[in-house]
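Taking it in order: structure first as C-alpha cells, then the write-up.
The values are calculated or read from the model by the stated rules, or taken from the named source; none is laboratory data. Just so it is clear, the structure is predicted and the values come from calculations on it, not from any experiment. Ideal geometry is used to build each Cβ from the backbone, glycine not excepted, and the neighbour counts take in all protein chains shown. Surface accessibility is based on the protein's heavy atoms, side chains included, excluding ligands, DNA and RNA. Shrake-Rupley method; radii C 1.70, N 1.55, O 1.52, S 1.80 Å.
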Amino acid sequence: MKKYNIAVLPGDGIGPEVMNEAKKVLGIVAKHAGVQFEMEEGLVGGAACDRYGIPLPAAVLEMAAAADAVLLGAVGGPKWESLDYSLRPERALLGLRSGLGLYANLRPVVVFEELIDASPLKPEVIRGIDLLIVRELLGDIYFGQPRGVRVENGQRIGINTMVYAEADIRRIMKSAFELARGRQKKLLSVDKANVLEATELWRDVATETGRDYPDVELQHMYVDNCAMQLIRNPGQFDVIVTSNMFGDILSDEASMLTGSLGMQPSASQGEKTALYEPSHGSAPDIAGKGIANPLAAILSMAMMLRHSFGMSEEANAVENAVRLVLKEGFRTVDIRQEGAAIVGARAMGDLVAEKV
Ligand code: IPM
Ligand code: MG
C-alpha cells in the first residue's frame, strides 16, 4: 500500500478545530483510495511558545522537512502579542517558509455558485470567478535587512527594507508562467514600478522571463489599480503574480469575492516538501466555540492531494463534496444565508466526509 508521511501542525486558536475536520476527510480519502497517510503532529506558534518557549522548535522544523507534505492550521493570538517579535507565533510561519524554502504561495480564489449571495459584492460581478494569486513568499519587506526600530537624534525610527534579488524574482515568475500555461495562458504581474525601484526590477524580470513563454500573454498592473480592479471587475484576471507584501494584502482582499476568508485554501511550494494551510488566521475571537469554518482547511488538504501526491481524482472528489454540502444548504456562521442550516465545524466536517 502506498504510504505518505504528513506533518500535521494544528497551531493555535481555531487551527486545531479546522485541522481535525481536514484529518477526518483525509481519513475517508485514504479508505477509498487505498493509500496510507501517516500523520505526525507537532506544536507550532503560541502552543509551542507555551510548551517550549519558542514558536518553532528545531525538531518540528526537522519533522516538517522530512515529511512528504505539511498541513498547518493557524498560529497566533492575543495571549502572545506582547512577546518580542522573535518569539511571536507568526515567526513559526515565517520560519517554516524560510526553513522549507517555500517561495511560491498559491492562493486560489474560487466563487462557489452556492455562495454567490454570501459575498458583499454583486452576483454579476463575482459569478464564475476562478482566479489564482501567486504570491512570492521568501523575499520583500518581510525578510529584508536592515529592519527594526532604533533611536536616532533622540527619536525612534522604524525601518523595514524591500529587497528583491533577480534570481528570486525569476523563480517565482517561472512558477507563475507554468501555472498560467496550465490555465487560460494569461498572467498579470503586479508591482509599483512607478515608485519603487525594486519593483521596477520585478517588472523587468517578469518581461524577460516571459520571452520563454510566448504562448502566455503577460500584462503588468500597479498594485493600487489592481486592488481597485479586483472589486470592480475580478473576471478580467486569471493568474496574478506579485510580491510578498502586495500578495498578502491582495489575497485577503480577493478572498472576500468568495464570501469569506474561511473559504480560501493555500499551498506553499519550494524545492521539496510543500505546506498547505487555510489562508485565514487563528480567529481567537471564535476559537473553542466550535463554529469555525473548516472548509478552507479541507480545501487546502485537497490541494495537498493534488499537488504533492498526484491524487487529482481524490482532490476533485473532496472539492465536489464541499460543493454538494453547500448546495444542500449547510453553512457555517461566516457564510450564513437566509434559510440555510447553520452548522458548526464538526458537523460541517462530517457532512463533507459523508459526501466524499
Ligand atoms: C498570511 C498571514 C501571514 C503573512 C502572517 C500571519 C505572518 O497574514 O499568511 O497571509 O503575513 O504572510
Ligand atoms: Mg495575510
Per-residue ³J(HN,Hα) for region 118-133, Karplus 6.51 cos²θ - 1.76 cosθ + 1.60, θ = phi - 60°, Hz, x for Gly and Pro:
7, 7, x, 8, 5, x, 5, 7, 10, 4, x, 5, 8, 10, 10, 9
Under Karplus coefficients 6.51, -1.76 and 1.60, residue-wise ³J(HN,Hα) of region 181-194 in Hz, glycine/proline x
4, x, 10, 8, 6, 9, 10, 10, 9, 10, 8, 9, 5, 7
Could you state the number of Å between the C-alpha centres of region 169-223 and region 242-270?
18
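Do the sum for the chain: with -39,500 (n - 2.57) for every DSSP H run of n ≥ 4, divided by all residues, what is the mean residue ellipticity at 222 nm, to the nearest 500 deg cm²/dmol?
Only helices count here, giving -12000 deg cm²/dmol.
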What number comes out for accessible area per residue over the chain if the probe is 1.4 Å? Units Å², please.
44
Placing unit charges on C-beta atoms (Lys and Arg positive, Asp and Glu negative, everything else neutral), compute the dipole magnitude of region 120-258 about its Cα centre in debye, rounded to 20.
220
On each of the three principal axes the extent of the alpha-carbon atoms of region 251-356, given in whole Å and largest first, is 44, 29, 26
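How charged is the neighbourhood of Val163? Take every other residue with its Cβ under 13 Å from the Cβ of Val163, and add Lys/Arg as +1 and Asp/Glu as -1.
So the surrounding residues net to -4.
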Excluding ligands, DNA and RNA, the carbon-plus-sulfur percentage of the accessible area of the chain with a 1.4 Å probe reads 50
Taking region 58-172, the equivalent ellipsoid from its C-alpha gyration tensor has semi-axes in Å, biggest first, of 32, 22, 18
When the Karplus curve 6.51 cos²θ - 1.76 cosθ + 1.60 is applied with θ = phi - 60°, which whole-Hz ³J(HN,Hα) does each residue of region 235-246 get, with x for Gly and Pro?
x, 6, 9, 10, 10, 10, 10, 8, 6, 4, 5, 5
Show log10 I(q)/I(0) for region 14-76 at q = 0.19, 0.22, 0.23, 0.24 Å⁻¹, two decimals, from a solvent-free Debye sum over equal Cα scatterers.
-0.79, -0.97, -1.02, -1.07
